[in-house]
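Enquirer: Before we start, here is the structure in question, set down as structure tokens.
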Amino acid sequence: MARKVLLFDIDGTLVRAGGAGRKALDEATRKLYGKECVCSEFSLAGRTDLWNFATAYRLATGRKPTQRAVARLYREYLRLLPRYVRRATREKTYILPPGIKTLLKRLKREPGVLLGLGTGNLEAGARIKLSPSGFNGYFHFGGFGSDSFHRDLILKQAVRRAARYAGGRIRPQDVFVIGDTPFDVSAGRKAGYQTVAVGTGFSSLAELKRSRPDHLARDFFGVDKWLKWFGIISLRQAKRRSSRAA
């Protein structure tokens, strides 16, 4: 049986963390360089952490970012991020998109389905953001912002890790990229994978439609529909086929 690899973005797709990442980066940049509200000067949505931190450093200092400078900014960000995630949870701005919990529970029971992350977040930050959701246990591998500046290469790294995790080859046609921005769609297409855009995050349905995903959904409701897109036969469909064959 061919393995299906499903790579989920985090911000706006699996969770909405009340702007915790943006707020932590703003404070980290202010503490280190005295720059206020740096994230108001560019969009973080759909980007990688390497790009976001390099951009924040350049805007804050006027200097070309170095690996050492970006690493220092990231360490400060990681120190602050848990506080903002906890605050979002406390203030109920930490939100799980409609239907995602039910879909993940269903997918976890499917033999041959490998759930992974395909995110611009570096892994430590990704795990902090996911922690209140309880979703970390669903995802044992992934591609992260530390792998590349380029999202398509992050996705390819996730698939290589999926192959090692599963102990077998993964066919490109069996990889699905699920995200909430046109960046997710374009990266998935460039990597040669199928794409599903979902309107739970930072892009409108019209913007997502223009990005030409293979599938487009408003939310994660309708498990059978999602299973069909992934080429998975639901129990209900299997019973129908069995009754027709009888």
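Read-outs throughout are calculated quantities, based only on the coordinates presented, and are distinct from any laboratory measurement. In this text, all values refer to a predicted model and were calculated from it rather than measured experimentally. When we count neighbours, we look across all protein chains shown, and the Cβ atoms used for this are built from the backbone with ideal geometry, even at glycine.
Enquirer: Only Lys, Arg, Asp and Glu count, each charged at its Cβ (+1, +1, -1, -1), so figure out the dipole size of the chain about its Cα centre, rounded to 20 debye.
Expert: Using Cβ point charges on Lys, Arg, Asp and Glu, the chain gives about 620 debye.
Enquirer: From the phi of every residue in segment 109-119, what ³J(HN,Hα) in whole Hz does the Karplus formula 6.51 cos²θ - 1.76 cosθ + 1.60 yield, where θ is phi - 60° and glycine or proline is x?
Expert: Karplus-based 3J(HN,Hα) across segment 109-119 equals 7, 7, x, x, 9, 10, 8, x, 9, x, 9 Hz.
Enquirer: Would you work out which of VAL159, LEU117, ALA71 lies farthest towards the positive end of the dipole of segment 52-172? Charges go on Cβ: Lys and Arg +1, Asp and Glu -1.
Expert: ALA71
Enquirer: Using label points projected 7 Å from each Cα along Cα→Cβ, tell me how many nm separate ARG169 and ARG58, to one decimal.
Expert: 4.0 nm
Enquirer: Something else about it: Quick one: PHE144, PHE230, fewest Cβ neighbours within 10 Å first, how do they rank?
Expert: PHE230, PHE144
Enquirer: Based on DSSP H runs of at least 4 residues, each adding -39500 (n - 2.57), what is the mean residue ellipticity at 222 nm of the chain after dividing by all its residues, to the nearest 500 deg cm²/dmol?
Expert: My calculation for the chain gives -15000 deg cm²/dmol from helical runs alone.
Enquirer: Rounded, prolate or oblate: which fits the chain when a ≥ b ≥ c are the square roots of the eigenvalues of the alpha-carbon gyration tensor, with rounded for a/c under 1.5 and prolate only if a/b beats b/c?
Expert: Prolate.
Enquirer: Another question about this same structure. Among LEU103, ALA206, LEU25, whose Cα projects farthest towards the positive end of the dipole of the chain, with charges put on the beta-carbon of Lys, Arg (+1) and Asp, Glu (-1)?
Expert: LEU103
Enquirer: In debye, nearest 20: dipole of segment 103-231 around its Cα centre with unit charges on the Cβ of K, R (+) and D, E (-)?
Expert: Charge dipole, segment 103-231, about its Cα centre: 260 debye, nearest 20.
Enquirer: Remind me, relative contact order of the chain in percent, using alpha carbon pairs under 8 angstrom and six or more residues apart?
Expert: Averaging sequence separation for qualifying contacts and normalising by length gives 24 percent for the chain.
Enquirer: OK, next. Taking H placed 1.01 Å from N in the peptide plane, check which residues at least 5 places from TYR94 or on another chain put their amide H under 5 Å from its amide H.
Expert: THR89
Enquirer: Whose amide H sits under 5 Å from the amide H of LYS4, counting only residues 5 or more places off or on another chain, with H placed in the peptide plane?
Expert: Distant-sequence amide H within range of LYS4: VAL113, LEU114.
Enquirer: Another question about this same structure. Would you mind checking which residues have amide H under 5 Å from GLY142's amide H? H placed 1.01 Å from N; only 5 or more apart, or other chain.
Expert: Here LEU117 satisfy the definition.
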